[in-house]
1. Once you keep just the Cα pairs under 8 angstrom separated by 6 or more residues, what percentage relative contact order results for the chain?
2. Name the residue from Phe44, Phe111, Leu175 whose Cα lies farthest towards the positive end of the charge dipole of the stretch 43-189, charges +1 on Cβ of Lys and Arg and -1 on Cβ of Asp and Glu.
3. May I ask you to list the GluC sites (Glu not before Pro) in the stretch 197-268 that are in a DSSP loop and have at most 12 other Cβ atoms within 10 Å of their Cβ?
4. So what are the three principal axis dimensions of the stretch 288-419 from its Cα atoms, in whole Å, longest to shortest?
5. Under 16 Å from the 7 Å Cα→Cβ point of Ala42, by amide nitrogen: which residues of the stretch 375-393?
6. Mind listing the Cα extents of the stretch 134-266 along all three principal axes, in Å, largest one first?
7. If you take the charge dipole of the chain about its Cα centre, with +1 on Lys and Arg Cβ and -1 on Asp and Glu Cβ, which of Phe307, Gly153, Ile238 is farthest toward its positive end?
8. Would you calculate the separation in nanometres between label points at Phe345 and Ser20, each defined as 7 Å from the Cα along the Cα-to-beta-carbon direction?
Amino acid sequence: MQQYNWLFWLFAALYIAYSSVEILLDWLNLRHIEGHRGRIPALFEGKISPEDYQKSIAYTRAKTHYGWVKAAFDALLIWTMILGGFFHRFDLWIGQWLPMNSLAHQVAYPFAIGAILYVVHLPFSLYHQFVLEENFGFNRSKLATFVLDQIKGILLSLLLGVPLLALLFWLVPTLGDHWWLAAWGVLMGFQLLTAALFPVVFAPIFYKFTPLPEGELKAKLSELAAKVKFKMSGIFTIDGSRRSAHSNAFFAGLGKTRRIVLFDTLLKSLSSEEIVAVIAHEMGHNKRRHILKGLVLSSATTLASLFLLSQCLKWPTFFQAFGVPEPSLQSGFVIFGLLSSVFTFPFNPIFQWISRRNEYEADRFSVEVNGDRAGMVSSLIKLSRDNLSNLTPHPWYSFYHYSHPTTNERAEAIAALSN
Ligand SMILES: [Zn+2]
């Protein structure tokens, strides 16, 4: 059969490599955790109860096992789709309802596939929220909130996605060979616009934003912002606790919409000194230009991806490998979007390494600005404790997967800083 060309076999080999790496690292990680079960790591002694330590181990195990079941299901799904010629058959089927290869057909196809993937993954989402998270005390979401969130999410993705995809599909035949350059401009503009609108338009659809009340914490944070000359439009809390007990803090928005956002769960757990340390860390990402560098890096990878996509669309081998005898724009976009990560997985640890380097730099910024090592370290310890983080990951596992260094590594690096 035509399908089994060299690209198909390359994909199959990389898929096996990728899955083997993931499973091996998971297994090593679980074994490593078991080996350390008997003793709370020194940094956390007296800071986390023996019960919570055992619970964090059970949580890591439960999440790993859940990940295995989901990965097995996804493997079955994707291979059935490829070997069964689903991408092509489904494209023809949609084409029966709409004018073949019209803009409507082209836009409907990826959304219909997205809908199928969404529905078959719904049991996983429900299990994750209402069994896994529930069992460890993290779920605060009522079923009604969950359903409403899902509906809002679907409407939002249609509202934003349909015009965006229609524009991309229109660009390809209109601009010919150089469509990918224009598409890059469109995607970058879209990314900046949604980032700017996120805290004022999109996030409020899901969360309630409340300005941080006047008081000690607000005064400290405002003083910090003035000290490091950080421009922002305000400090807000959101009602994360209505959905989950996990805690977090982040910056959102661009330019005039930029603001500090604190989860209400964080305010309950951390002292104001600790929150100031966390926010100074976040400001460090900005002051050390990590945000800008991240944007440059992601725009470069987007440009490279679009160029590769434009080449794949002209390449019959690409379509044949994934069971499509008659190439179409829409099937090319979907196959590329769904499967290209298998080809690029060996690069992931490089991006994680860059991210971890930035985290160390932001910790250093926080300590330099506040002169408060203890606050920075104790905030990290509390965040690990409250989120039941794995306190003893296998070094290979954290090297491959972690975007942040472990709390141990960060505490050591902070202790080594000279004042
Ligand atoms: Zn950070």
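1. Values: 410 pairs, mean separation 102.6, N = 419.
That works out to 24 percent.
2. The residue sitting most towards the positive pole is Phe44.
3. Details: sites: Glu214, Glu216, Glu223; in loops: Glu214.
Of the GluC sites (Glu not before Pro), the ones in loops of the stretch 197-268 whose Cβ has at most 12 other Cβ atoms within 10 Å are Glu214.
4. For the stretch 288-419, the Cα spread along each principal axis is 64, 30, 22 Å.
5. Correct set: 392.
6. Dimensions of the stretch 134-266 along the principal axes of its Cα atoms: 59, 43, 22 Å.
7. Ile238
8. Rounded to a tenth, the inter-label distance reads 1.1 nm.
Each value in this text was obtained by applying a stated rule to the coordinates, not by laboratory testing. As the structure is a prediction and not an experimental result, all values here were calculated from the model. A quick note on method: Cβ atoms are made from the backbone with ideal geometry, for glycine too, and the neighbour counts reach across all protein chains shown.
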